[in-house]
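Visitor: Take a look at the following structure, please.
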Amino acid sequence: MAIPDVSADDIVAALREFDNAKRDTDAWRGWETRRNHMYAISWNGRLYPVKETIRSATGGFSEFGGGAQANRYLRERGFEIVPLRRGDLAISPDGLSRLDCALDRFAEFRRVDEPRYLADERTYKVDLFDHLRKIWDKLYEDPEESKQELVGLMRGEGVDSRLVAAIDNLLGGRGFATRDDFAIYLENINDDEYVRIMGDLFEGDGAPSARLDEFRKSVNGAYTHLYDEGKFHSGKKTRPLLQQCFAAILLASYDPDSYILYRYTEYKKTAEWIGLTVPSTPEQCYTLYLDMAMYILDRAREGNWPVWDLVDVHNMIYMLWRYDEFKDLLTEDERVVSGESVYTFIRKHHFIFRDWLVTDYILSLATKPFVILSGISGTGKTKLGQLVAEYVVRATGGRAKKAFVSVRPDWTDNSYLLGWYNAIAERYETTAVLDLILEAPGEPEVPHFIILDEMNIAKVEHYFSDFLSAMESRWIDAGGKVHQEPIRLHNQGDEGEWGPGPGVPSEIALPLNVYVTGTVNVDESTYMFSPKVFDRANVIEFNDVCLDPDLYRQMEIPGSEGFVLRSDADLAEILGPHKPASPKKLVEMKEVMPEQHRLLLAVHNALRPYNMHFGYRVANEIAAYMLNAREFCEGGDEVLPFAFDIQVL
């Protein structure tokens, strides 16, 4: 509804009234810090609440929108409007340096190829916002027409097809079902309900994140009733859910100066890249990302970078992770120096592991994507897993990913790793491990690492059995393709958005480029592993401790000299998509290293009388390890006796 016309003098009077009668009251003291206040009037060196000032100046009129409508009203009368979130974020000098590099690259991209930027990223969003804003302008004066026009846009009827394509693009290319579901919802509510729910989203009390959450809860509650009544398409097998990113499109289109579009993955990566801690809930995430976007916009304006609004901020964040022109923005200290080996990288970080031990760990991962590092506390088990993963992450320019998880003694099921469906909030709660698993298929040629610290402080079989079963179910068909059994996550169907991240499917296949390392201490506070777990992992023991630096070199094991990776070996290649060891490996081992194959048979036969001999899987994996050692180690055939000893023993 239009705000009654008052003069600038009336508004000044309201500002003075606020100073004299309200500012120091309990209701208004500290109002600037509250999340529901996004903007303020700046006048005579002080800040004033926007909506309260207009209410006072108009004699108590309150049937109007905040945000864009109120801000425009005041600017037209000569008042300065400033954002309140400025400076809330504490970003380190290193984070600011990275942000400035991204802004420099964005400015360079626009300078070199502005037409491409406009065509691929900006124009379609601006056009969509313009169209939606015309719909919102009729929200209070003609809600029936406003609703019908919104239904037409959702169905792609009577509108430019490019507007529909814009929505679908912002939804990751999967917008049809989302649009159709929302259109059905709109057709089944009356005009009053339409005004109420959209008005609460755009102008309601509470922080933007809370309004988004309440909007989704209301719509999803209606979706449940409509689904039970058979209103949706007959082919829809599960109740639909409104996506967070769709609700964010509606909110951002109403006031592009105050709200952001939403792409969880890119915003999360950017926040972490500049040193911010990302919270766990969707509401907290939206608040952080909105604050971050406002901060970036302010910094860009101060530095005269060509970032004109929050749409440009969104585009820069997206391009930072999706465009080749931005991929080299890792700072020098986070790059692996050209030609730097993993051994040098580890020593550069002031840790000393014997080269053969590092090699053994890498080849064990390449042979079987689950490695257990066992031994007494304080011998560097966790650090070895972290450093090797960090080396690969940096060597791949951040394409590889890692997730570090501290296991807790109260873990009794897989929800601590794979998340769970929150029935109260009606969303799937994700974890760092699940996020990594969902992202890994996007970079299938580079490894992703999961490190489980203190793995046996809880019973491994309780929380990790799904991983073990998935790994062991893998098999290779005649065409060389790997098959495996999926891991079931929930029974809510695959539609909608679960939590802050991308949609969580009802079941997942463990990606072939995901490698798991577990660290293990054996003491009175931990649980012993069952043979099932040991049988499905490569185990490396850390028990040797040398406290005299002068004697360290003397402890090298004879035969280990050449057991280092070749200088031209690429860890991302060695740890590429994993394929399970097949009987062909054992045949190849017999052909190229008959002596070691003979020793394998001898050990097998010696253990047979005690019923401790190898199964087929273990034999195939020993063969695969030996072939990897021969292919990737400097010593070639010379290291085979040493490789055999550490693999079998």
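Visitor: So how far apart, in nm, are the two label points at Ala27 and Glu561 if each is 7 Å from Cα heading toward Cβ?
Guide: 8.6
Visitor: Then there's this: Between Glu461 and Arg174, what length in nm is gained on full extension when 0.36 nm per residue of separation is reduced by their alpha carbon distance? Intermediate values should be presented prior to the final figure.
Guide: Numbers: separation 287, 0.36 × 287 = 103.32 nm, distance 3.74 nm.
Length difference between fully extended and current span is 99.6 nm.
Visitor: Now for a separate question. Step through the table entries Lys532/Lys590; Lys237/Lys401; Lys459/Lys590; Lys402/Lys579, compare each Cα-Cα distance with 30 Å, and write down the pairs that go over it.
Guide: Details: Lys532/Lys590 28 Å; Lys237/Lys401 35 Å; Lys459/Lys590 39 Å; Lys402/Lys579 20 Å.
Correct reply: Lys237/Lys401; Lys459/Lys590.
Visitor: Further question: Counting Lys +1, Arg +1, Asp -1, Glu -1, what net charge surrounds Asp168 among other residues with beta carbon under 12 Å of its beta carbon? Please report the intermediate quantities before stating the final value.
Guide: On the way: positive: Arg162, Arg174, Arg179; negative: Asp180.
Its environment carries a net charge of +2.
Visitor: While we're here: Using the Cα centre as the reference, give the magnitude of the dipole from point charges on the C-beta atoms of the range 372-470 (Lys, Arg: +1; Asp, Glu: -1; all else neutral), rounded to the nearest 20 debye.
Guide: Numbers: 9 positive and 13 negative charges, 83 e Å.
Around 400 debye, computed over the range 372-470.
Visitor: OK, next. Using 1/(1 + (r/R0)^6) with R0 = 22 angstrom and r between the beta carbons of Asp570 and Lys481, what's the FRET efficiency to the nearest 0.05?
Guide: 0.40
Visitor: At a Förster radius of 41 Å, what calculated FRET efficiency corresponds to the Cβ-Cβ distance of Glu108 and Lys217, to the nearest 0.05? Intermediate values should be presented prior to the final figure.
Guide: On the way: r = 43 Å, r/R0 = 1.05.
So, using R0 = 41 Å, E works out to roughly 0.45.
Visitor: Another question about this same structure. What's the ranking of 439-446, 47-54 by average number of surrounding C-beta atoms within 10 Å, highest first? Write down the numbers at each step before the final one.
Guide: On the way: 439-446: 16.0, 47-54: 21.2.
Sorting 439-446, 47-54 by mean packing, highest first, produces 47-54, 439-446.
Visitor: Just to confirm, what accessible area per residue do you get for the range 18-171 at 1.4 Å probe, in whole Å²?
Guide: On the way: 7510 Å² over 154 residues.
Dividing the accessible area of the range 18-171 by its residue count gives 49 Å².
Visitor: Show me the ranking of peptides 21-31, 133-143 by mean Cβ neighbours inside 10 Å, starting with the highest.
Guide: 133-143, 21-31
Visitor: Just add up the charged neighbours of Leu373: K/R +1, D/E -1, any other residue whose Cβ is under 9 Å from the Cβ of Leu373.
Guide: Details: positive: Lys381; negative: Glu541.
Net local charge, Leu373 excluded: 0.
Visitor: Pulled fully out, how much extra length does the chain show between Leu607 and Ser530, if you take 0.36 nm times their separation in residues and subtract their Cα-Cα distance? Kindly include the intermediate steps, with their values, before the conclusion.
Guide: Numbers: separation 77, 0.36 × 77 = 27.72 nm, distance 1.97 nm.
Extra length from Leu607 to Ser530 when fully extended: 25.7 nm.
Visitor: Taking H placed 1.01 Å from N in the peptide plane, check which residues at least 5 places from Val516 or on another chain put their amide H under 5 Å from its amide H.
Guide: Phe370, Val371, Ile450
Visitor: For an R0 of 56 angstrom, estimate the FRET efficiency from the Cβ-Cβ distance between Ile81 and Lys236 and round to the nearest 0.05. Please list the in-between numbers first.
Guide: Details: r = 44 Å, r/R0 = 0.79.
Step by step, r from the Cβ atoms, then E = 0.80.
Visitor: So, one more: Using 0.36 nm per residue of separation minus the Cα-Cα distance, give me the extension gain between Tyr323 and Ile189 in nm, one decimal.
Guide: Values: separation 134, 0.36 × 134 = 48.24 nm, distance 4.19 nm.
The Tyr323-Ile189 span can extend by a further 44.1 nm.
Visitor: So, counting K/R as plus one and D/E as minus one, what does the shell of residues with Cβ under 14 Å around Asp5 add up to? Display every interim value, and only then the final one.
Guide: On the way: positive: Arg72, Arg77; negative: Asp9, Asp10, Glu76.
Neighbourhood net charge equals -1.
Visitor: Identify the residues of the range 1-43 with backbone N under 14 Å of a label point that sits 7 angstrom from the Cα of Asp137 along the Cα-to-Cβ direction, or state none.
Guide: Residues 1-2 fall inside that zone.
The values are calculated or read from the model by the stated rules, or taken from the named source; none is laboratory data. Just so we're clear, the structure is a prediction, and the values are computed from it rather than from any experiment. In this analysis, Cβ positions are derived from the backbone assuming ideal geometry, glycine residues included, and neighbour counts consider all displayed protein chains. Quick note on the areas: whole protein, heavy atoms, side chains included, nothing else; ligands and nucleic acids left out. Shrake-Rupley method; radii C 1.70, N 1.55, O 1.52, S 1.80 Å.
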